[in-house]
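Contents: one structure, followed by commentary.
The values are calculated or read from the model by the stated rules, or taken from the named source; none is laboratory data. All of these numbers come straight from a predicted model, not from anything done at the bench. For neighbour counting, all protein chains shown are included, and Cβ atoms are generated from backbone atoms with ideal geometry for every residue, glycine included. Note: areas computed on protein heavy atoms with side chains; ligands, DNA, RNA excluded. Shrake-Rupley method; radii C 1.70, N 1.55, O 1.52, S 1.80 Å.
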Amino acid sequence: MSSVSQGLGIDIGGSGIKGAPVNLDTGVLLAERVRIETPQPATPEAVAGVVKEVLDQFGWRGCVGCTFPAVVQRGITMTAANVDDGWIDLDADALLENVTGRPVHLLNDADAAGVAEMQYGAGRGQSGVVIVLTLGTGIGSAIFNKGVLMPNTEFGHLEMRGKTAERRASDRVRKKNNLSWVKWAARLEEYLRRMEDLFWPDLFILGGGVSKHHQHFLPLMRIRTPLVPAALRNEAGIVGAARAAIAAESQRKSEITTAAD
């Protein structure tokens, strides 16, 4: 029998729902990820059905970690900025558990990516204040101090020139407005300088799909904080969700045991 510690993570996004089992010792996927198109409209029931389909393809029966693009508190999705309004104030953990038949732990998608980067990627061994930013449809954020996550930050909603930052400096805005790397980098630098002044981080980690093109824009950045690309890129959500789920399940069992005593 293998001694490898395993988990399974699912990354729920606006266009696709992706999942795979993860080696929790190394952060490496143990199988090719499965990707299924996100149903439209992405109602809670429809999304839960796809999550079950992904799990069934792997024959997975243990606890599951799921990312979600919203504020998540104790398994309840509090917001729905870019998803169906049916998710607002929903006990999403309970819904997903009922539909899939497995223990489910939901967390914010950027938080999951941050957990993965801190444990296995560019943030490994960093003990100061680290800010992980995912640049995509919006700007997701996760902040860590001494390796501890402060969940559900929404730094992509900071104001910049009368708009939220993600409406000026996200990768979607770069593509939509056909911005050159130089012009987009200037917007991103302005945003990072604002973050510096507010939080004085020791390190920025930039993730999201655009991070694979980091050579086009990172050298253009002129900020005081060290700035590096994410190491896990598009696998970060899956890996972080799997790790967070195992930690959450362990804590839940510990609390049950303590209450029984």
Taking a ≥ b ≥ c as the square roots of the eigenvalues of the Cα gyration tensor, with a/c under 1.5 meaning rounded and otherwise prolate when a/b exceeds b/c and oblate if not, the stretch 109-261 is prolate
Distance in Å, no decimals, from the C-alpha centre of the stretch 21-37 to the one of the stretch 78-108 is 21 Å
Please list, ordered by chain and number, the residues whose modelled amide H lies under 5 Å from the amide H of Gly207; skip anything fewer than 5 residues away on the same chain.
Leu133, Thr134, Leu135, Ala230
Charge dipole (debye, nearest 20) of the chain; +1 at Cβ of Lys and Arg, -1 at Cβ of Asp and Glu:
1120 debye
If you put +1 on each Lys and Arg Cβ and -1 on each Asp and Glu Cβ, how big is the dipole of the stretch 1-52 around its Cα centre, in Debye rounded to 20?
40 debye
Pick from Leu135, Leu55, Leu198 the residue whose mean-square fluctuation is largest in a GNM of the chain, springs joining Cα atoms under 10 Å.
Leu198
Mean separation of Cα contacts under 8 Å (6+ apart) over length of the chain, as relative contact order %
22 percent
Find the accessible area per residue for the chain; the probe is 1.4 Å, ligands and nucleic acids are left out, and the unit is Å².
48 Å²
What is the Cα centroid distance between the stretch 204-236 and the stretch 131-176, reported in whole angstrom?
13 Å
So what is Rg over Rh here for the stretch 134-200, counting just Cα atoms and using Kirkwood for Rh?
0.99
How much of the accessible area of the stretch 151-261, in percent, comes from carbon and sulfur atoms when a 1.4 Å probe is used?
50 percent
At 1.4 Å probe size, what's the solvent-accessible area of Glu249? Round to the nearest 10 Å².
30 Å²
From the helices alone, meaning DSSP H stretches of at least four residues, give me the mean residue ellipticity at 222 nm for the chain, per-run term -39500 (n - 2.57), in deg cm²/dmol to the nearest 500.
-11000 deg cm²/dmol
